[in-house]
Each structure stands twice: as structure tokens, then as C-alpha cells.
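Working notes, structure below.
The values are calculated or read from the model by the stated rules, or taken from the named source; none is laboratory data. The structure displayed is predicted, hence computed values, not measured ones. Note that we place each Cβ from the backbone using ideal geometry, even for glycine, and neighbour counts take in every protein chain shown. Ligands, DNA and RNA are stripped out before the accessible areas are found, and what is left, the full protein with its side chains, is counted by its heavy atoms. Shrake-Rupley method; radii C 1.70, N 1.55, O 1.52, S 1.80 Å.
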Amino acid sequence: MKKFAMAALGGTVAGILLTTQIAGPLLAQEPKKSATVYEQLDLFGDIFERIRGQYVEEVDTNKLIEAAINGMLTSLDPHSSYLAPKDFDDMRVQTRGEFGGLGIEVTQEEGFIKVVSPMDDTPAAAAGIEAGDFITHVNGESVLGLTLDAAVEMMRGPVGSEIIITVVREGTAEPFDVSIIRDTIKLTAVRARTVGNTIVLRMTTFNDQTYPGMEAGLKETAEELGGWENVKGVVLDLRNNPGGLLNQAIQVSDGFLEKGEIVSTRGREASDGERFNATPGDLTGGKPVVVLINGGSASASEIVAGALQDHRRAIVVGTKSFGKGSVQTIIPLRGEGAMRLTTARYYTPSGRSIQALGVAPDIIVQQPPRKPLEEEKEPASAVKARTEASLRGALDNDSMTEDERKLLEEDRAREEDTAKLREEDYQLAYAVDILKGLSAIAVKP
């Protein structure tokens, strides 16, 4: 057996030598450790010329240079990259809130594409893609070893076309395929609604529409409830919000704070650091706030959650956030392209760095996993509780006034609505219950 193994090894080496030409070395010896930057650039130029002149097929020199630049940037961290002119245009469109695609925010981890979060009301969300999913194949082709930008490019395509992605999900034994129809993604940054006397702000991204949308949403819903005196509190839902513009995160935080630091950034040099402080004026008039986060809450979402948590302005509920605590600066370049470069880390008012740690909620509340349709049972709201009044032949309350009967019916209706919300969104129902409790014990002037 030993001789067989050695023979096989020898055959392999021989095979390699038969198909490999030995070219003259680019440098006669290894570069010295003290080699200057210019010497290293000369080495790059030598390699570039060899590729352009001797590669088996003719190469596009522009693409070669772009690949070299992108390789240099992506070697730094997962968030730095080169933006070709088309990608730069796409990025600017996305910050305005409308673009074509699947509707997922992704990053790269262990060579595969990891979903940071699916965006609300997008093809990816409708197909059941979840935060934390790993995408291993696109239309049957592996993404292992590709750069993040190259993998994203594979997922792009004409609106209305089909894409099949292979997903690996924690808790699921085998990878599975998901078919998604590409569509135009129109992001509504903020949706405001009322649940009882609570205002719920669902914030899906931080783009140019975010703060104006929040301000308008708070005003409209407060008017629906008859004024701020009738509002029990505000739920700021940042679940699966992948972040976005730093200035919008600062403005949103400022909307709930009267004073104090919101966030600080620290760059390579001490002089590069910045601090951003709140200005007087709370859009809610000091009403209690609950912030909902999960593993899909990243970047700007974590700035808001961290600022409101550190100032004891909000109770943070849900599960630990993603942990992206760095700031990227978009730097335009000649030729209409740009580079996305990590230039600073950000810190919460208490000096916490969220990088790779995330924001830990004050109250951990897991969202129950989705049940397949065939496993869904009758919702709890449809099962009426057994009480004295439900017993056959029970005595009536002969002292109950008409107003009291009306209040009883309203209480029953609220109970049914609460049970229904708990079935639909357990974390949100929990947040609303917290605000009800805070309202119940609040000291009235």
C-alpha cells in the first residue's frame, strides 16, 4: 500500500510538470521586507503586463484594474469595496428609496453570502427569506469564493425574471431552493399605525425618507387618537432594518431625545473623531418608547437603539442585533466610480462599541418560528375563555348599568384584538403590553 501511494504521488507530480511551463521569475529573489511602496507598485506593474501579454485569453484591461482595486479594498473588511460607475449609480438610487432586485441586505461570512435582513414587502420577504440565512448557490452556481459584489451581481437581473437561490438555515437539516421573481423594490422607509392607544412605527431602512416619514407618521397617528394625551406610548420597530444613512440615524434618535450625546465616531487619528448631540425637542412629548430589534437590525438601527437605551429613553425588546459598528464613507473617484471605505467605528453615548457584539435588549423576547400552513391550528383568539358568565344558567349581574355593559363589551373586544396580535406578531404584542403596563402605573399630575 505504501509503495502504491508513493507511485500515485509521483504520477500526480509528473502530470503537473507536463502541463506547466517554467517562465522566468518576475523578481530574481524574494522582495526584501524593507521594500518601498514604489518597489511594490513596480511588482504590480510587472504582473499586470505579464497577464495582459501572456494570459491564455485576451483580457479587458479596465476590468483587470477594477478587480485589482476591488481586491485591495475587500481585503480590508467585509464593508469596503470599489463601486464601478453603474454600481455607484445604483447605490445613489437605493438611498432615495427605489431600485430593482430581490429586496435583501447581504454580507459575506466564511465565503458564503449571509442575509442581514429581508426588506418588508419585497420578493425576498414574500418568499420566506429570513435574517441569518446563508445563500450558497444562485441558479445552481456556487457563490463560494466570489467577492460580495460579484455574488450580488449574480442575483441581479431584469424585473419579472426568476432566480433560484439555495439556502442553508440554522435548524434546518438540509439546504433548500427558493424561487424568487425579481421586482422593482419601492421602499417605504416608515409606516405608522395604531394598536389600541399605542403608536407603532415600522422603520424598514434609513434613507432620505426616514426622518420626514417618522415625523409625519407620529403627527398623523396622534391626531387619529385625538391628541398626544390619549397616546399610551410609541413602539419603534427596527427589526430586520439593515441600516443606511448615518445622518438619518442621528435625526431619528434626536426626535426622541432632549439633550445628550447620540453617537460618536472614532477614526484612525484622534482628530478624525466626531460627536453628535441631541437638540431640544421630543416629538412625542416624553411618551414611553419601546424599541424592537433582532438579528437583522444593523448599523443605523443599532445607533438608534443604543442611543435610546443608554439614555434610558426606551426599553429595548427582542433579540441581540447584528453588530455592525463601523462607518463607511463613499468617496467619488475619477471615471465616475467611487469607493466605499471604512473610515471609523461608532460608539454609543456610554462609550460602547457595537462592532461584532451588537445591542443586547433589556428584555429578551424570541419570536416564535413560522408554522407551515398545514400545521397551523385555530388561533387562540378563536377559543373563548371559560368564565362564570359562560356557564349555563348563570345569574345575571342585576346591578350592571348600560355604561358598564358597554365597557365590558369593549374589554372583551380588546382581549380578542390582543390575542390576535399575539398570534400574528408575538414580539410586537409584548412591546404593546409593556407600554400598557407603564401607562397603568404612571403617576398622574
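Some notes on this structure:
- Residues that are open to solvent by 30 Å² or more (accessible area, probe 1.4 Å) and closer than 21 Å to residue 285 by Cβ within the stretch 242-253 comprise just one, 251.
- The criterion of being free of Cβ contacts under 8 Å to residues at least 24 places away in the same chain and either of a type in the set (A, V, I, L, M, F, W, C) or farther than 23 Å from residue 328 by Cβ (or both) does not hold for residue 258.
Yes/no per residue for (1) among the aliphatic types (A, V, I, L, M); (2) in a loop (DSSP other than H, G, I, E, B); (3) open to solvent by less than 40 Å² (accessible area, probe 1.4 Å):
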{"residue": "117", "(1), (2), (3)": "no, no, yes"}
{"residue": "120", "(1), (2), (3)": "no, yes, no"}
{"residue": "135", "(1), (2), (3)": "yes, no, yes"}
{"residue": "158", "(1), (2), (3)": "no, yes, no"}
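- Taking the stretch 329-354 as the range and being open to solvent by 30 Å² or more (accessible area, probe 1.4 Å) and under 13 Å from residue 83 (Cα atoms) as the test, the residues that pass are 329, 330, 331, 332, 333, 334, 335, 336, 339, 340, 341.
- Across the stretch 405-425, the qualifying residues are those that are open to solvent by less than 80 Å² (accessible area, probe 1.4 Å) and part of a helix (DSSP H, G or I), and the one among them that is modelled with the highest pLDDT is 421.
- Against the test of being part of a loop (DSSP other than H, G, I, E, B) and free of Cβ contacts under 8 Å to residues at least 12 places away in the same chain, the options 146, 76 yield a single qualifying residue, 146.
- Note on the stretch 41-68: among residues that are of a type in the set (Asp, Glu) and within 21 Å of residue 147 (Cα to Cα), the one that is modelled with the highest pLDDT is 60.
- Identity of the residue in the stretch 256-302, of a type in the set (Ser, Thr, Tyr), over 20 Å from residue 237 (Cβ atoms) and over 25 Å from the mean Cα position of the chain (by Cα), that ends up modelled with the highest pLDDT: 279
- Residue in the stretch 216-235 that is within 21 Å of the chain's Cα centre (by Cα), over 20 Å from residue 438 (Cβ atoms), open to solvent by 30 Å² or more (accessible area, probe 1.4 Å) and of a type outside the set (Lys, Arg) present: no
- Filtering the stretch 160-203 to residues that are loosely packed, with under 13 Cβ neighbours inside 10 Å, in contact (Cβ under 8 Å) with a residue 24 or more places away in the chain and of a type in the set (A, V, I, L, M) leaves only 164.
- Set side by side, the residues 223, 261, 269 differ, and just one is closer than 20 Å to residue 288 by Cβ, among the acidic types (Asp, Glu) and out of contact with any Ser or Thr (no Cβ under 6 Å at 6 or more places or on another chain), which is 223.
- The stretch 100-115, subset part of a strand (DSSP E or B), more than 17 Å from residue 239 (Cα to Cα) and touching a Gly at 6+ places or on another chain (Cβ under 9 Å), residue least open to solvent (accessible area, probe 1.4 Å): 101
- Annotation: residue 311 fulfils all but one of (1) touching a Gly at 6+ places or on another chain (Cβ under 9 Å); (2) over 27 Å from residue 197 (Cβ atoms); (3) open to solvent by 10 Å² or more (accessible area, probe 1.4 Å); (4) at pLDDT 95 or above; the unmet one is (2).
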